[in-house]
1. For region 135-148, give me each residue that is touching a residue at least 24 places away in the same chain (Cβ under 8 Å) and touching a helix residue (DSSP H, G or I) at 6+ places or on another chain (Cβ under 7 Å).
2. Need at least 1 residues that are of a type in the set (Phe, Trp, Tyr) and more than 16 Å from the ligand (Cβ to nearest atom) per element, so show me which helices (runs of 4 or more DSSP H) inside region 76-168 make the cut, counting only ones lying wholly within it.
3. Being touching a residue at least 24 places away in the same chain (Cβ under 8 Å) and closer than 24 Å to GLY117 by Cβ is true for just one of LEU233, LEU255. Which residue is that?
4. Specify which of the listed residues (LYS143, LYS134) is farther than 19 Å from VAL248 by Cα and of a type in the set (Lys, Arg).
5. Quick one: is SER136 more than 15 Å from the chain's Cα centre (by Cα), at pLDDT 95 or above, crowded, with 18+ Cβ neighbours inside 10 Å and hydroxyl-bearing (Ser, Thr, Tyr)?
6. Give region 1-43 a look and list any residue that's part of a helix (DSSP H, G or I) and touching a Lys or Arg at 6+ places or on another chain (Cβ under 9 Å), or say none.
7. Against the condition buried (at least 18 other Cβ atoms within 10 Å of the Cβ) and in contact with a Pro (Cβ under 6 Å, 6 or more places away or on another chain), how does ILE214 come out, does it pass?
8. Can you give me the number of residues within region 5-53 that are farther than 21 Å from ILE184 by Cβ, near the ligand (Cβ under 8 Å from one of its atoms) and β-branched (Val, Ile, Thr)?
Amino acid sequence: MNLNLDNKVILVSGGAKGIGEAITRTIAAEGGIPIIIDPSLELGHKLVEELTSKKQKAHLIPLRLLEPQHAEEAVEKTIGKFGSIDGVVNNAGANDGIGLEYGSPQAFRKSVENNLGHYYDLVHYALPHLKSSKGSIVNISSKTAVTGQGNTSGYTAAKGAQLSLTREWAVELLPYGIRVNAVIPAEVMTPLYQKWLDTFEQPDQKLALIQNRIPFGNRMTTAQEIADTVVFLLSDRSSHTTGQHIYVDGGYTHLDRAIGRE
Ligand code: NAP
């Protein structure tokens, strides 16, 4: 299937590592131009070099999106170099473990701001360009938004709000022909996931327990499986899909976790 992504310019926050890296690689492989917005300077440069050596296109904007002006800068730099924006993938985030009992009101606010603020900022500043291109927006949320996880109030509040904003923006942007969807991963091995696993006394046992509960194949979802769905939603092959929350999780969130077990 040709996804018609040739030379489409797509912003990918956190595009140098983990799920974002897989999204970057997949956009580039489909002929698009991923704009990696990520503070990981060395990894980001390496990735761009690797992709360009394969005659693919990619560009790095080494930035951590913290304040609105960072998103504004990323959009301005992209327009300065490429002249258009065809899509936004809001992906950057961190499960920072700010709980209710052991957190603080200040840390909670900071976590929500860090995980949610730049989702709004990037789309806000990219909007005039998305209107011109009738672009597509994909928000990466998390299973924790609908199941909870415990001890991570800020992160889950932000992830839930990303699902609400997906519906809200899908409605607001209908007149412009801009589609907005969310992809919801559950368990994907990435640097962020490994960091979370390492907070347990026996990470290997915890991982085995989780994998055993994932109905489809008793395994983690790969970053590539997330990226393939994201790239489909960016493409005009999903031209009548908007306002959707799509779970790419081997059935972990919705199917009976006793399936396939003794
Ligand atoms: P990851 O391995 O930590 O990669 C995320 C990348 O984003 C890193 O390079 C990180 O840089 C960068 N980043 C973080 N905050 C940023 C910001 N404000 N501005 C720009 N770049 C930023 O994470 P991941 O596991 O791939 O997660 C990606 C997304 O998937 C997140 O939204 C996460 O909530 C969601 N998700 C992941 C899983 C999973 O199982 N992995 C499950 C559910 C949802 P630094 O490392 O320098 O901070």
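The values are calculated or read from the model by the stated rules, or taken from the named source; none is laboratory data. As the structure is a computational prediction, the values presented were derived from the model and not from experiment. Cβ sites come from the backbone with ideal geometry, for glycine too, and all protein chains shown count toward neighbours.
1. Passing the criteria: SER136, ILE137, VAL138, ASN139, ILE140, SER141, SER142, THR144, ALA145.
2. 105-112
3. From the options LEU233, LEU255, the qualifying one is LEU233.
4. On the way: LYS143 fails: farther than 19 Å from VAL248 by Cα.
Of LYS143, LYS134, the one residue that is farther than 19 Å from VAL248 by Cα and of a type in the set (Lys, Arg) is LYS134.
5. no
6. Of everything in region 1-43, those that are part of a helix (DSSP H, G or I) and touching a Lys or Arg at 6+ places or on another chain (Cβ under 9 Å) turn out to be ILE27, ALA28, ALA29, LEU43.
7. No: the conditions fail for ILE214.
8. Selection size over region 5-53: 1.
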